[in-house]
Amino acid sequence: MDVIRLLPDSVANQIAAGEVIQRPASCLKELVENSLDAGAHSIRVLVRDAGKSLIQVIDDGSGMSVSDARMAFERHATSKISNAQDLFHLRTMGFRGEALPSICAVAQVKMTTRRASDEVGTLLEIAGTQVQKQEPCQCAVGTSIQVQNLFFNVPARRRFLKSDQTELRNLITTFQHIVLVYPDVSFTFVSDDEILYDLPVGSLKQRIEGVFGKSKSKLYTSQLLEIEQQTELVTIRGFVGKPEAASKQAQQFLFVNGRFMRHPYFHKAVLQAYAGMLSAEMMPPYFIYFDISPESIDVNVHPTKTEIKFADEQSIFPILMATVRAALGKFNVVPSIDFLGGNIEIPVSNEMMRASAKAPELHVSSGYNPFTPQKEKVSSHWQELYEPLKQVQVQQTELPQLQESETLHPQSVAGGYIVCAKDSGLMLVHARRAHITILYNQLVAQLQSHRGVSQQLLFAEPLTVSADEQPVLEALLPDLGSLGFELVKVSPSTYDITALPSVLGNQNAATALRAIIARAADGQSDIHADMQQRIALTLAQSAAIPMGKNLSEAEMTGILDRLFALSSYRITPDGKTVVVWLSAEEIARRF
Ligand code: ADP
Ligand code: MG
């Protein structure tokens, strides 16, 4: 496996903390995941001021040796993978070795740790990457990490944090996503001396009860139905709510291989299983766990992202729907006539419905690797994994002034990069990101001036939205109009797309809109400008040339001209490097 060669040392050192640790909740997630990876049976979380003053995680896991304790804070030090192949069999939560160094870059960290085989433990104090203290100490087996004054040295970021109430809610959500996966580990969560959760080891059902039971009058889990389905492709288990458990704010959770995920498409599969059973706006609660071979989901799961790509989601959709449907049917929740007669519209063949009594038989050859045809893509992902937030670095290397008259002779390399040699050095441009940046700027301007360039469609393209997407879409309509979309509402859940922004060319408008809706719904900000930027970025990403596209010289020049005309072009709006400049000195130094 030669994927790993694409990760030069220099790249590995260029990750900034901001990407991994954005708020107290991301810090908590990293610490608790480390405890789980260390095999802890009991994990205690203590926070103060919504994590702004203190986040502490205490576990009874493996602990670390003296030298490991120190190593753990080095970038890309991890005990979890040693080569690229391991990436395809990930069973641990962490693997990048960036959490601890990122945390201590932006906070004051105190750690005590001891292995069961050691008499004494190690105490380590680090602040803003400076080791302040390291000494032997008496402590329990396991690890305790205290993170104090998050972002103490990054005031801008600290100011960016939301109210205590919001940050505490984020902490709790993060905590819930984890504890719902590990009923065999006990957890407590204490916020400002108040015990918010005390969850003993138990069954999954007991865990769900422990997390959500208190807030409900009836025994919460008595309203849940168990689901279980094993196929060659995927194992699905968990609980779905009886229709009467539906509410406007139902608890809905999807997990894959022990990670919480958002998956609008699978969400839709669950909802379709309830077709005809719920009144408008009512949502069923569900807790659904997928187990799938790690090879068939995208391994490049970014620590801050909850979207996960499945190689075979089209096949999983009907399995999931049939599984939920069968559970509802088995407990006589579905009027049996509907279930058998199929007069509820569901896009699953009757065979599938019948088969759902036993496991749907799906044959997947075990040697099949869904990512094989995209080998290069996987490799380039590998690199992207280490790319976020190189801004810091990029800003340090000054780019040369480009003269207007200067003719560049761009060359395309390695499918997707443009190289220009100049006397003073070598410039490398990431073509797709350059294009995204160009389009983004263009779209933001259009949003502000309401002057999007539209392209009428000969045949309207239909767009179906779910009940939760619909209000998001409605709110976006004015901005979408400014960009050149025209939508005609044909029913509460369907729209006809009659025109689209011309930047989209002949790309699928519905897909682009879906991406925009998903991104908008995900946002925590309700500032309009923020939302517009998000829309512009999503649309730019949909419309931009794909990575690896072959470009003619004219196209490359076109991109470079438009890129360098922008006032800011070194990084994409979401912080990824667009241009790398190797000065003549730098080149000389490398030899
Ligand atoms: P990663 O989890 O990606 O390996 P981290 O920066 O989160 O990277 O942690 C670095 C290393 O420190 C881990 O690989 C692990 O060996 C060690 N480590 C971190 N937290 C703990 C813990 N709570 N208990 C034992 N070892 C830990
Ligand atoms: Mg980790």
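Remarks
- Tally of residues being charged (D, E, K, R), more than 9 Å from ligand 1 (Cβ to nearest atom) and over 18 Å from GLN22 (Cβ atoms) across the range 37-59: 2
- LYS242 satisfies every condition listed in (1) open to solvent by 80 Å² or more (accessible area, probe 1.4 Å); (2) charged (D, E, K, R); (3) modelled with pLDDT under 95 except (1).
Conditions tested, residue by residue: (1) over 23 Å from the mean Cα position of the chain (by Cα); (2) under 22 Å from LEU54 (Cβ atoms); (3) modelled with pLDDT of 95 or more.
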{"residue": "PHE175", "(1), (2), (3)": "no, yes, yes"}
{"residue": "ILE178", "(1), (2), (3)": "no, yes, yes"}
{"residue": "ASP192", "(1), (2), (3)": "yes, yes, yes"}
{"residue": "GLU209", "(1), (2), (3)": "yes, no, no"}
{"residue": "TYR220", "(1), (2), (3)": "yes, no, no"}
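- Condition check for SER552: closer than 13 Å to TYR440 by Cα, surrounded by fewer than 18 Cβ atoms within 10 Å (Cβ to Cβ) and of a type in the set (Gly, Ala, Ser): no
- Among (1) open to solvent by 60 Å² or more (accessible area, probe 1.4 Å); (2) under 24 Å from PHE266 (Cβ atoms); (3) touching a strand residue (DSSP E or B) at 6+ places or on another chain (Cβ under 6 Å), the one test that ALA509 misses: (1)
- Of all residues in the range 219-274 being of a type in the set (S, T, N, Q) and without any contact (Cβ under 8 Å) to a residue 60 or more places away in the chain, the one that is nearest to ILE316 (Cα to Cα): THR235
- Screening the range 53-62 for residues that are within 15 Å of ligand 2 (Cβ to nearest atom) and open to solvent by 10 Å² or more (accessible area, probe 1.4 Å) and picking the one that is farthest from ILE103 (Cα to Cα) gives SER62.
- A Cβ distance below 6 Å, combined with a sequence gap of six or more or placement on separate chains, defines the contacts here; from the range 26-52, residues that are more than 11 Å from ligand 2 (Cβ to nearest atom) reach residues that are open to solvent by 40 Å² or more (accessible area, probe 1.4 Å) and not in a helix (DSSP H, G or I) in the pairs GLY39/SER62; ALA40/ASP60; HIS41/ASP60; SER42/ASP60; ARG48/ASP192.
- When we screen LEU199, LEU224 for residues that are closer than 26 Å to LEU54 by Cα and in contact with a Gly (Cβ under 7 Å, 6 or more places away or on another chain), the only hit is LEU199.
- Residue within the range 456-476 that is among the hydroxyl-bearing types (Ser, Thr, Tyr), open to solvent by less than 30 Å² (accessible area, probe 1.4 Å) and under 30 Å from PRO284 (Cβ atoms) present: yes
- Among residues of the range 480-499 being among the hydroxyl-bearing types (Ser, Thr, Tyr) and more than 24 Å from SER449 (Cβ to Cβ), the one that is least open to solvent (accessible area, probe 1.4 Å) is TYR495.
- Pair list, Cβ < 7 Å and 6+ apart or interchain, from the range 110-128 residues that are over 9 Å from GLY63 (Cβ atoms) to residues that are aromatic (Phe, Trp, Tyr): ILE126/PHE73
- Scanning the range 560-591 for residues that are open to solvent by less than 50 Å² (accessible area, probe 1.4 Å), within 17 Å of TYR417 (Cβ to Cβ) and within 29 Å of the chain's Cα centre (by Cα) yields LEU563, TYR569, ILE571, THR572, THR577, VAL578, VAL579.
The values are calculated or read from the model by the stated rules, or taken from the named source; none is laboratory data. Because the structure is predicted, anything quoted here is derived from the model rather than measured. Positions of Cβ are backbone-derived with ideal geometry, glycine not excepted, and every protein chain shown enters the neighbour counts. Keep in mind that these areas ignore ligands, DNA and RNA; they rest on the heavy atoms of the full protein, side chains included. Shrake-Rupley method; radii C 1.70, N 1.55, O 1.52, S 1.80 Å.
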